[in-house]
Each structure stands twice: as C-alpha cells, then as structure tokens.
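Quick note: the coordinates plus some simple rules give every number you see, no bench work behind them. Keep in mind the model is a prediction, meaning the values are calculated, not measured. When we count neighbours, we look across all protein chains shown, and the Cβ atoms used for this are built from the backbone with ideal geometry, even at glycine.
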Amino acid sequence: MHRLGLMPNLFRSAPSAPETTRQLWQLAKCAYLDAPLPALFKERLAVHLSRLGCSSYCLARHFGFLIGLGRPAGDATCRPETIDQARQLLSIPLSDAARVTAALDRLEAVAAAREIPEPRSADEADLFEAAAALFLQSAAAPRSRFAVRKAFGEAQFELLTAFLAYLRMTHFWADTHPELAIDPDVLELARSDPELAEHLGCGEVCRAAQPPRPESAANGSETSAHRLQRLLEIDSVGVLFFDHAEGTLIDANDAFLAMTGYSRDEVRDRQLNWQNMTPPEWRGSSAEQIDLLQQTGRIGPYEKEYFRKNGERTWMMFAGRDLGDGTVVELAMNIDDHKRTEAALRESEARFRQFGEASSDVVWIRDAQTMQWDYVSPAFETIYGAPRAAVLQGDHLAQWTGLMLPEDRPRAIAGLERARQGERDSFDFRIVRQTDGAVRWLRIRTFPMVDASGRVQRIGGITQDITALVSAVEHQKLLLAELQHRVRNMLAVIRSIIRRTGESSESVEDFASHLEGRITALSRIQAVVTRDPLAGFDLAELIADELRASAAREDRQFSLSGPAVRIRGKAAESIGLAIHELATNALKYGALTVPRGFIRIEWRHDERDASNWLVLDWTETGMSGRQLGSSRQGFGTVLLEQMLPYDVGARVARRFEPSGLRCEIWLPADGILKR
C-alpha cells in the first residue's frame, strides 16, 4: 500500500477472507492506480461520483487523497489540490436531466477525440455529467457511452469504464461493511471543520460523542431511506431479502432478477430459496455462511455459483447481514466476466510456462524498472551451467552479468537499456559455463512489453547458445581464405603447365593431348582436396587414381605398398602431377607398352641429414631388350627434376635400368604430410 502513502481501512476489511481483499487490491491497481488517466482527474471524478453513490467512506477517502492526505491516485509526483479547490468540487450541483442533456450535446459535437480535460474546466464538467450517467446507469447511459467515445476516443472510454467499475465495487464493498471506519487522517480533518464534515457525510461520526437532537434522527432516517432507494436502483448490484429461518427469498431488486432470469411473481409467491438456487457442491459453503451469520450477524463476502432460471450457472459474489427482524439482506454482483478472465489468465500462464519449460533456449522476463527477473525458464541451468536459484537472489542483474566475461558486460547492459526505452535489440556475449569452465557464446533477443498506455512495464527475451554457430562461421572464414589461396595457386600451376606443355610439344595435336591429360590429372586432385581441404590427400589413392586413369590394372600391371599417409593439399597437386607424368611415360614408352610390363610403387619413412623424409620408389619391369631413355627433355622431365624440387623441396633420382625406369623421389615429410 506504499503507493497510496498509507493503508486505507478499505483494504483492512474481511480478515477472514484475505484472498478476497487481495483481489480487491489487484482491481484497484489495474483500474485505479495503474490506469493511464491523469491522477487529479481520477480523484476529482471519484469525489464527484461518491457524492452520487452516497458512500461517506469513499467520499471522505478520495477527498483526502485529493488534498494530499496520501497520494492522489497513488502518484507521488502529483501535486494535490488545496482544500478550497476541493471544496468547490463538493459544491457542484448534483446531476439533473437538463444538465446531462446539454453536456452530451456538447460532447457529441466534438469533431476529433480530445485528451482528458484540465481540472475545473468546462470540458471536465461535461465529462463529469456523462460519467455520472454511466455510473448510475440512468436512462442517459447509452447516449453517454456514445458521447464519451466520440469526444475522448475508444481507448480512454475503456479506461474510464474500468475506473467506474472499480468505484462501484468499492461503494458496494463499503455499503456491505457498515463497520468500515472513516480513515483517521480524514476524520481528524473533518472534526476540525464541521461544515466540511457535513459535506463529506461524516458529520454524524464527528458528533458521536454529543447527544443527538430530535431533528437529526429524522434527517438520518430520511437519509437512510434515500440511500437504500439509490442502492436498490443500481443496475449492476442485486439486492436480495431472505427469510432467515426458512431461507426463502421474499424480495429482490430488478437487477437481481435480470441477472438470474427469475420473475417477480416467483419471488412474490415464495417459490425460491437459497437451497434450490444453489448447485449441490456449493450448498456446504453456503451453510457455513449461515453459521457465520448466526455468530456475527454478517455474511461474506464470498463467491459461489448460482442457478439461473434456465438451468445455466453464473458466478456471483455475495455479502450481507442480519437486519434483526428475521430477515437477511444480501448484495450480489455477477462476476462471470471476472471468473472467465481469471481462467483465461491461468490457462495463458500455464501455456506460457509449458512453452518455457519445453524450450531448449532460455525464456525470461524482467521488471523494466528494477531489472529483477519475473521468470526464467529451466534451460538457464543447462546453458549457463548455474542453478536458477543462485541468480534469483539479491541483485538479479549483478548475478547475471557476473557470469559473463568482463569485457562483454557493458554491451549486455546497454542492450537491456535499449529494451527499457522501447526498442528491440539483439546482441552476443560470452560466459564461462559454471559446470565445466567452458567459454560459450550466447545470443539474446530482447523486446519491450508495454501496458495499455504504451509504457514499458517488462522486458522479455530469449537466450540461445550460439557457440556452434560461431565456430562454424570461423571455420567458414578459414575455408574461404584457404579457397582463395588455392585458386591463386591453381592459376599459377595452370599457367606453368600451359607454358611447359607448349615448350615440349611437337604439334598442336600433341599440345592438346598432353594439356588435357595434365589438366584432368590436376582436376582429379582438386576434386578430392576441395571436399575437405583440411583433411589432406591419401597418397595411395592419389597414385592409384592416376594409374587407373592410364587404363592400368592393379595387381596385373601395378602394385602399391607403403604406410598410410595423408599429403597436404598444395603438395598433393605437385606430387599428383609427377605421378601423372610417370604414368603417361609408362603408357607411351615404358612398362605399360609391353604385355609383361609391371610397375611397383613403394613408399617408406626414412631419416637422412637430420631430417625426416617420405621416400617414394617407382620401379618399372618387363622392358628387357627394348630401347630405354629419351633423347630430349619433355615436360615430365622438367616437372620431376625442376618443378617438384622447387615446389615441395623434393630430391629426385632417375635411372634407366635394363628392366625399365626407376625413379626415386625423396619428399620432406615435415613439409608435406598432414599430421
């Protein structure tokens, strides 16, 4: 109750039903304190309408708020009115048909929707007349609804309607609790000013210690009768009179009959009692209220379902007391809409929690003012590696940012601040996961959650673990850089192949044939390398592919032997071209030209000159009696003896033995092998 600056007696009522009092406070927050209407307007209207409703408690309390006894409409920044200004409000004549009609004429003539008018203005007076018609549900109420909507817009009409509903509820509550005392601060003011006390309807309380005068009793009776008549005329509050002993309904106002569908004849013929109007499961609680009536003279307030005449059920709230003459009076309000709203809210909250608990991302909501968490889903514990209870203690914001790397905290706090200012935002930051100490990348998407007036009340957000995504992006960058490097190298290799092939070819046909074979060999290597440039190239597969491309058959025309090794991509290009040239030479001049020709390729690890080497031995056999060697240096010779040593640091030794060519290639293992 700190928002009002004090605890009104209204919210100290019904100690036996604290939940009902809590719900009344929730209604006050929603329709009165948090309603985005000017604070002075709400208090001035409350004072004006409380005069019509004849509730001295409500009139005195709102008059107190208006002059600064407490906070006007719970707004600590609102400057209250002076007592003289507030007295003028008490002197305004009560509504009559002529004034209401004139006010509605002016409101209906408004061309564009206006803001709520300033205090003591002519527009305020017109709005008060229209609000009074709505509050009392007089014959002018339908026209008043239209006029207020037209003059002030749909949104402000709905806010005003909710405020009026709250005022009627408080009047009903005060009327059903006649023991509700005027709050001490207002009572002290009234005792010091008898004229003001009369205006506030609490003069009798202030004179309680003085002997009453005869005419005062008469005036009091007239006032009580007037109040009872006004109460019976309220369209939204049912008034019921029961025979205490029999539980029979002996009278009811039109509002109750409209709520339930029963007829005046059924009431007059005493066909109705609380037992047959109450569903079986609620009769026990009703009987408890009858016991309470016998002990205290009062009933409720309590809620239950009631049967309508057509058999349907309706939710109602009841409160009453024993009149001392064998009858009981109860006031009843239909709360079907309230119950449906409660059920919808419970269902909505259950669905939200079901969604949050099933989500693998963290779903959360913060209070926009305090930055304390209202809700954090269970995924928090998986992603952050910390129990939710640990960050829901003390300063929630500090507990949360404490999980981050220090350099990322300002960005996260700035993102929340943007959401508090009404902006959507998305930002990334790093945490140290508590369960394993791993650094994880998280991404938050925040969004403001606003009330009916557009003010940010809460901040919502979804947090995802994007560590895998960040790693994938970094890997992609690495692949792109590798690809760019390889494209440049490939173009250089192709230029060299074209130039060298041209220099060693004897005709255009010869040039085309050799160039096609070499480019094809290069493309075979690239097809494997580009699938996974970081994995390397299997040496056995590299050699076998080139020999198969030359139509050589494994086991019958060639064999491979050596440990499993993988070659780096750049080295694989040079070694692959060298193998291609050796295979092409064997196909044209060597072992693959004779039926019994055979190629044995072996490789091994060796150590020489304090270095590690991969030694590749190419041995051709089956060439005895045939001419060996070449009279000129072709591209293959240049590649083996010049390009391969230059590109990968190889040492190459070729010799033509009686059985065929033998080529020994020493490759620096540390430079070409993929570890």
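Using only the alpha-carbon atoms, how far is helix 467-504 inclined from the longest principal axis of the chain? Give it as 0 to 90 degrees, nearest 10.
For 467-504 against the chain, the angle is about 30 degrees.
Check T327: other-chain or 5+ apart residues with amide H under 5 Å from its amide H, H built from backbone geometry?
Here the answer is H244, since their amide H atoms fall under 5 Å of that of T327.
Please report T467, T101 as a ranked list, fewest other C-beta atoms within 10 angstrom at the top and most at the bottom.
T101, T467
Work out the length of the dipole vector of the range 471-672 about its Cα centre, built from +1 on the beta-carbon of each Lys and Arg and -1 on the beta-carbon of each Asp and Glu, and round it to the nearest 20 debye.
For this selection, approximately 240 debye.
Helix 409-420: angle to the longest alpha-carbon principal axis of the chain, degrees 0 to 90, nearest 10?
40 degrees
Given a Förster distance of 51 Å, report the FRET efficiency between Q642 and S426 from their Cβ-Cβ distance, rounded to the nearest 0.05.
Taking R0 as 51 Å, the efficiency between Q642 and S426 is 0.35.
Measure off 7 Å from each Cα along the Cα-to-Cβ vector at R596 and R608, then give the distance between these two points in nanometres to one decimal.
3.2 nm
If each residue of separation counts as 0.36 nm, what is the full-extension length gain between I92 and S507 once their alpha-carbon separation is subtracted?
Extra length available between I92 and S507 comes to 137.7 nm.
Label-point separation (nm) for Q271 and A112, each offset 7 Å from Cα along Cα-to-Cβ?
5.8 nm
Determine the relative contact order of the chain: mean sequence separation of Cα pairs under 8 Å and six or more apart, normalised by residue count, in whole percent.
Over the chain, the number comes to 6 percent.
For the pair T101 and R566, what calculated FRET efficiency results from E = 1/(1 + (r/R0)^6), where r is the Cβ-Cβ distance and R0 = 60 Å, to the nearest 0.05?
About 0.05, to the nearest 0.05.
On a 23 Å Cα-Cα criterion, which of the cross-link pairs K309/K339; K150/K339; K42/K150 come out too long?
Over 23 Å Cα-Cα: K150/K339.
K570: which lysines have alpha carbons under 16 Å from its alpha carbon, excluding same-chain residues fewer than 8 sequence positions away?
Partners found: K674.
Counting pairs of alpha carbon atoms under 8 Å apart in space and at least six apart in sequence, what relative contact order in percent does the range 236-339 give?
This gives 29 percent for the range 236-339.
May I ask you to list the GluC sites (Glu not before Pro) in the range 380-487 that are in a DSSP loop and have at most 15 other Cβ atoms within 10 Å of their Cβ?
E423
Please list 3J(HN,Hα) in residue order for the range 596-610, calculated via the Karplus relation 6.51 cos²θ - 1.76 cosθ + 1.60 where θ = phi - 60°; whole Hz, with x for glycine and proline.
9, x, 8, 10, 10, 10, 10, 9, 8, 8, 8, 10, 8, 6, 6
Search the structure for amide H atoms under 5 Å from the amide H of K674, placed 1.01 Å from N in the peptide plane, and list their residues when 5 or more places away or on another chain.
R566, I567, R568
Could you run the Karplus curve 6.51 cos²θ - 1.76 cosθ + 1.60 with θ = phi - 60° over the range 157-174 and give me ³J(HN,Hα) per residue in whole Hz, x for Gly and Pro?
5, 5, 5, 5, 4, 4, 5, 5, 4, 5, 4, 5, 4, 5, 5, 4, 4, 5
With each pseudo-label sitting 7 Å past Cα toward Cβ, what's the Q26-E342 distance in nm, one decimal?
The modelled label-to-label distance comes out at 0.7 nm.
Mind sorting out which of (i) -0.52, -0.77, -1.24; (ii) -0.23, -0.61, -1.34; (iii) -0.26, -0.63, -1.20 is the real log10 I(q)/I(0) by the Debye sum over Cα atoms at q = 0.05, 0.08, 0.12 Å⁻¹ computed from the coordinates?
So the calculated entry is the one marked (i).
Can you list residues from other chains, or at least 5 along the same chain, whose modelled amide H is less than 5 Å from the amide H of F558?
The answer is R553, I599.
I'd like to know which of A112, G64, V638 lies farthest towards the positive end of the charge dipole of the chain, counting +1 on Cβ of Lys and Arg and -1 on Cβ of Asp and Glu.
Value: V638.
Rg/Rh for the range 236-339: what does it come to with C-alpha atoms and Rh from Kirkwood?
0.92
Can you work out ³J(HN,Hα) from phi for every residue in the range 284-300, in order, using Karplus 6.51 cos²θ - 1.76 cosθ + 1.60 and θ = phi - 60°, giving whole Hz and x for Gly and Pro?
Result, rounded to whole Hz: x, 5, 5, 4, 4, 5, 5, 4, 4, 4, 5, 7, 10, x, 10, 10, x.
With r as the distance between the Cβ atoms of R524 and K477 and R0 = 30 Å, compute the FRET efficiency 1/(1 + (r/R0)^6) and round to 0.05.
0.60
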